[in-house]
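Colleague: I am attaching a structure below and will ask some questions about it afterwards.
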Amino acid sequence: MKRIDWNCKLLPGFPDQVADIETAVQAMQILHDQTGIAEFAFFPKYDPLSDSQTIFQFHANAALTGLQSRLSFPAKLFVRPTVYLRSELPENNVLRHFRIPKTNYIALSLPITANEDTETVLAKFLRHSPYHVLLTDAQLLPIFYPNDVLERIIDLPGIALQTSFQSLFLPNFTVFLHKILQKGVPVVLGSGVNSPERAGKISFDEILETLKESFSQPEIEQLLNVGLPLS
């Protein structure tokens, strides 16, 4: 099974990621040794109202170069911004630089506080943009959004979800995840790790055992299909 960390928080130089490169390298090495993960996807937060695309890309390239030069295994790494959902998002010619490799998806972060505009803005984006949407940190959505709003959001065409391995241990989230899988919504999993200590607690054997307790075999295969539909 190809193993990709779709929720890695170990990209130095970004506020919502790990603080320094030595910590990142140590944690990624532990993850690789324990799980065989050799491909890491980073999605640091990006606010189109205040952040510069040029500066974002400069820091991302510097971090990737530093990690590649220090890791002791042949890792595949990529960075794309998680764009905060705003009523006015960047133009499509800018968003194309944010597209997740080999897919037609843009990573988006929904507001923590649910409001009536969120669903409307997201639906408008999907309707008028050539891109699909990967909603990041989906394990938080059932905490902040009412069930009826969530149902309508995941019914929007072109939605996929990113969540962490740890979310599979949360009973309330597994109920939500069952609904997602029944609807055929793509789901990608990742470690959510931001420290060597947390990296040391990731066990695929334990994850698989937990999945067997809560999900059917077809659902498990769907969850472990570790990718987004290719463009």
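Colleague: What are the residues whose amide H is under 5 Å from the amide H of L77, where those residues sit 5 or more places off or on another chain and H is modelled from the backbone?
Modeller: Close amide H contacts, sequence-distant or interchain: F40.
Colleague: Oh, and also: I'd like the Karplus ³J(HN,Hα) series for region 70-87: coefficients 6.51, -1.76, 1.60, θ = phi - 60°, whole numbers in Hz, and an x wherever there's a Gly or Pro.
Modeller: So the J values, rounded to whole Hz, are 10, 6, 8, 10, x, 8, 9, 10, 8, 10, 9, x, 8, 7, 4, 5, 10, 5.
Colleague: Still on this structure, please answer the following. If you average the alpha carbon positions of region 29-85 and of region 155-226, how far apart do those two centres end up, in angstrom?
Modeller: Rounded to whole Å, the Cα centres lie 21 Å apart.
Colleague: Give me the count of lysine pairs in region 1-154 whose alpha carbons sit under 22 angstrom apart, restricted to pairs 8 or more positions apart or on different chains.
Modeller: Count of close lysine pairs: 9.
Colleague: Moving on. Given the Cα atoms of the chain, and with Rh set as the inverse mean 1/r over their pairs in the Kirkwood sense, what is Rg to Rh to two decimals?
Modeller: 0.95
Colleague: Let me ask something else. Within a Cβ distance under 14 Å of V185, other residues only, what is the Lys/Arg minus Asp/Glu net charge?
Modeller: With Lys, Arg at +1 and Asp, Glu at -1, the neighbours total 0.
Colleague: Oh, and also: Compare R99, R86, R152 in a GNM of the chain, Cα atoms joined below 10 Å, and give the one with the largest fluctuation.
Modeller: R152
Colleague: Roughly how much of H178 is accessible, in Å² to the nearest 10, using a 1.4 Å probe?
Modeller: Around 50 Å² of this residue is reachable by solvent.
Colleague: Shifting gears a bit: Do you know the relative contact order of the chain, to the nearest whole percent, from alpha carbon pairs under 8 angstrom that are 6+ apart?
Modeller: That works out to 24 percent.
Colleague: Right, here's the next one. Order E206, E213, E197, E119 by their accessible area, 1.4 angstrom probe, all chains in place, largest first.
Modeller: So, going from the largest accessible area down, we get E213, E197, E206, E119.
Colleague: Please list S216, S191, S69 in order of solvent-accessible area, largest first, computed with a 1.4 Å probe with all protein chains present.
Modeller: The ordering from most to least exposed comes out as S69, S216, S191.
Colleague: Which ³J(HN,Hα) values, rounded to whole Hz and listed in residue order, are derived for region 204-219 from phi using the Karplus coefficients 6.51, -1.76 and 1.60 in 6.51 cos²θ - 1.76 cosθ + 1.60 with θ = phi - 60°, glycine and proline given as x?
Modeller: Those phi angles translate into 5, 4, 5, 4, 5, 5, 5, 4, 5, 6, 10, 10, 6, 4, x, 5 Hz.
The values are calculated or read from the model by the stated rules, or taken from the named source; none is laboratory data. Quantities reported herein were computed from a predicted structural model and do not represent experimental measurements. Glycine gets a Cβ as well: all are built from the backbone with ideal geometry, and neighbour counts include every protein chain shown. All accessible areas refer to the heavy atoms of the entire protein, side chains included, with ligands and DNA or RNA removed. Shrake-Rupley method; radii C 1.70, N 1.55, O 1.52, S 1.80 Å.
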